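Note sheet for the following structure.
The values are calculated or read from the model by the stated rules, or taken from the named source; none is laboratory data. Small disclaimer: the values here were computed from a predicted structure and weren't measured. In this analysis, Cβ positions are derived from the backbone assuming ideal geometry, glycine residues included, and neighbour counts consider all displayed protein chains. Note: accessible area is taken over every heavy atom of the protein model, side chains too, but ligands, DNA and RNA are not part of it. Shrake-Rupley method; radii C 1.70, N 1.55, O 1.52, S 1.80 Å.
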Amino acid sequence: MCPEEQRQTASVMSHLKRSIVEVNAEQNCLAHPLVMTIAKVDNDPNYKAYRQGRKIRPVVQTQIETIGIDLSNGAGIPELVRFQEYFW
C-alpha cells in the first residue's frame, strides 16, 4: 500500500471510529443508541448525561411506549423496522 492509500485509509477509519456508539445497556439496548443519536443531532443539553448513562432510562421508556414496541424479549428486524417507520 502506498503512503497516499495509507493516509486515505487512516482518514476513513478515524471518521468511522468517531461514528461508533457503544451502548452498555442491559435493557432496551436498541433504543438507547437512537436516543443518544437524536440528542446529538438536536444538540440536546442532556446528550452528555445520556452518554454517561444518566437521565436516559425515562426517555427510552417514553420512546418505546410511544412507538408501541415491546423490547422485553430483545429486538430483531421487526422492531428495527418499527423504529424506522416511526422516525421516517
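In the range 38-67, how many residues are open to solvent by 40 Å² or more (accessible area, probe 1.4 Å) and assigned to a helix (DSSP H, G or I)?
The first filter runs over the range 38-67 and keeps only residues open to solvent by 40 Å² or more (accessible area, probe 1.4 Å), leaving 38, 40-48, 51-55, 57-59, 61-62, 65-66.
Next, from what is left, pick out any that are assigned to a helix (DSSP H, G or I): 38, 40-41, 47-48, 51, 57-59, 61-62, 65-66.
Residues meeting the conditions: 13.
For the range 68-83, give me each residue that is more than 14 Å from His32 (Cα to Cα) and assigned to a helix (DSSP H, G or I).
Within the range 68-83, Ile77, Pro78, Val81, Arg82 qualify.
In the list Gly68, Gly76, which residue meets the criterion of being at positive phi and out of contact with any Gly (no Cβ under 9 Å at 6 or more places or on another chain)?
Values: Gly76 fails: at positive phi.
Step by step, each of Gly68, Gly76 is checked, and only Gly68 is at positive phi and out of contact with any Gly (no Cβ under 9 Å at 6 or more places or on another chain).
Quick check on my filter: what residues within the range 53-76 are of a type outside the set (A, V, I, L, M) and closer than 16 Å to Cys29 by Cβ?
Keep residues of the range 53-76 that are of a type outside the set (A, V, I, L, M), which gives 53-55, 57-58, 61-63, 65-66, 68, 70, 72-74, 76.
Of everything in the range 53-76, those that are of a type outside the set (A, V, I, L, M) and closer than 16 Å to Cys29 by Cβ turn out to be Gly53, Arg57, Gln61, Gln63, Asp70, Ser72, Asn73, Gly74, Gly76.
For Ala31, state whether it is touching a residue at least 12 places away in the same chain (Cβ under 8 Å) and open to solvent by less than 80 Å² (accessible area, probe 1.4 Å).
Working: touching a residue at least 12 places away in the same chain (Cβ under 8 Å): yes; open to solvent by less than 80 Å² (accessible area, probe 1.4 Å): yes.
So Ala31 passes the test.
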